[in-house]
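J.: This structure is in structure tokens; I'll ask about it shortly.
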Amino acid sequence: MTATPARRVLLAAPRGYCAGVDRAVIAVEKALEQYGAPIYVRHEIVHNKYVVQTLEKKGAIFVDVTAEVPEGSIVMFSAHGVAPTVHAEAAERKLATIDATCPLVTKVHKEAVRYAKEDYDILLIGHEGHEEVIGTSGEAPDHIQLVDGPEDVANIEVRDESKVVWLSQTTLSVDETMETVGALKSKFPNLLSPPSDDICYATQNRQIAVKKLAEDAELVIVVGSKNSSNSIRMVEVALDAGADAAYLVDFASEIDEAWLEGVSTVGLTSGASVPDVLVDGVLEWLAERGYEDVETVKTADESITFSLPKELRRDLRAEAAALSAQ
């Protein structure tokens, strides 16, 4: 008789919430606690279905445009950041605002403003339509061109090849970004790089961890939502790193048991906007099917934290009422 191979789970560390997501989610919870419902949030505070649904139950109302927020209300801007025009719209509607933009995204915004003032052409590497890209582009719309992958490079034209700089969406694949940067440098040899890498530490760490999982796991499961750029990239990174299969799921109930056929080792990780309760649910699901042995694969330590938005230290309800009365 052939022995059944031992079944195990390799659990990535780090995984799940990054500091920017943790800050944004806590900011919504604190605002609801401090000011009471409703708290309006422009776009999803982070790209995770479970998180959004949980906050909605507590009294958060997510809107697509500022015009949906009643005058005299409190509105929070998501972790992905918004363009200056959105701040102007909020002021016109006499809204009290809380800015929960991730500080790492804010860094990219400030770089865009700085290079625009120096009259550079800014090549923003990112995915068209992503909220972070829209927000960053809005900081210097006359200077920024979007580069959505290496295939876009051939179409890029600049005014002065000696004054070109690249910036990037923070949640991209590191490998994908550097491939695009390489193509840009081939076309523009004097291309300037930002003073520090725009890809956020958490995105890099999670991609390194998933590469490590893919070395030994036939199947990699990434917990995350389909509108989460960093989660989608992790599936791609796992496949590129050698995993036979990799899938993105929001919940354990979305896993297809057929994926486990012939699989002795499952790699498990989660995107930067995913709470651990969802990973725990997948671990329980796998344990019920014989994958009870869980081994943590640690590739980095994360100790970064960000302070909450300064607006949570003010009486925003009073400010909103005063604005509305003006």
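The values are calculated or read from the model by the stated rules, or taken from the named source; none is laboratory data. Just so we're clear, the structure is a prediction, and the values are computed from it rather than from any experiment. Methodologically, a virtual Cβ is constructed for each residue, glycine included, from the backbone with ideal geometry; neighbour enumeration extends over all protein chains shown. The area values use the complete protein model at the heavy-atom level, side chains included, leaving out ligands, DNA and RNA. Shrake-Rupley method; radii C 1.70, N 1.55, O 1.52, S 1.80 Å.
J.: Leaving out ligands and nucleic acids, and using a 1.4 Å probe, what accessible area per residue does the range 54-105 come to in Å²?
T.: Roughly 40 Å² per residue, with all protein chains present.
J.: So if I average 1/r over every pair of distinct C-alpha atoms in the range 1-49 and take the inverse, what Kirkwood radius in Å does that give?
T.: Value: 14.4 Å, from the Cα pair sum.
J.: Given a 1.4 Å probe and every protein chain left where it sits, what share in percent of the accessible area of the chain is carbon and sulfur?
T.: Percent of accessible area from carbon and sulfur atoms in the chain: 49.
J.: Rounded to the nearest 500 deg cm²/dmol, what is the calculated helix-only ellipticity per residue at 222 nm for the chain, with -39500 (n - 2.57) per DSSP H run of length n ≥ 4?
T.: It comes out at -11500 deg cm²/dmol, rounded to the nearest 500.
J.: Looking only at Val21, Val237, Val263, which one moves most when the chain is put into a Gaussian network model with springs between Cα atoms under 10 Å?
T.: Val263
J.: Specify the residue with the greatest mean-square fluctuation among Val297, Val82, Val223, computed from a Gaussian network of the chain linking alpha-carbon atoms under 10 Å apart.
T.: Residue with maximal mean-square fluctuation among Val297, Val82, Val223: Val297.
J.: How large is the direction-averaged shadow of the alpha-carbon convex hull of the range 149-273, in nm²? Let's see the in-between values first.
T.: Details: hull surface 35.0 nm².
Average projection, Cα convex hull of the range 149-273: 8.7 nm².
J.: Set the Förster radius R0 to 56 Å, insert the Cβ-Cβ distance between Ser253 and His87 as r into 1/(1 + (r/R0)^6), and round the FRET efficiency to 0.05.
T.: Approximately 0.90, to the nearest 0.05.
J.: Counting only Cα atoms, I'd like the Rg/Rh figure for the range 188-255, Kirkwood definition for Rh. List each step's numbers first, then the result.
T.: Numbers: Rg = 14.5 Å, Rh = 13.2 Å.
With Rg and the Kirkwood Rh in hand, the quotient comes to 1.10.
J.: Roughly how compact is the chain, stated as its Cα Rg over 2.2 N^0.38 Å to two decimals?
T.: On the way: Rg = 21.6 Å, N = 326, 2.2 N^0.38 = 19.8 Å.
Its radius of gyration relative to the 2.2 N^0.38 Å reference: 1.09.
J.: Which one, Ser270, Ser307, Ser73, has the greatest fluctuation when you compute a Gaussian network model over the chain with C-alpha springs under 10 angstrom?
T.: Per the Cα network of the chain with a 10 Å cutoff, Ser307 tops the list.
J.: For the range 104-187, what are the per-bin percents of Cα-Cα distances with bins 5 Å wide, up to the bin holding the maximum?
T.: 3, 16, 29, 26, 20, 6
J.: Another question, then. Would you mind checking the range 87-110 for residues with the amide N under 16 Å from a putative spin-label position 7 Å along Cα→C-beta of Leu192?
T.: Under cut-off, by backbone N: 108-110.
J.: I need the GluC sites (Glu not before Pro) found in the range 255-315, filtered to DSSP loop residues with at most 10 other beta carbons within 10 Å of theirs.
T.: On the way: sites: Glu257, Glu261, Glu284, Glu288, Glu292, Glu295, Glu302, Glu311; in loops: Glu261, Glu288, Glu292, Glu302.
Those satisfying the criteria are Glu261, Glu288.
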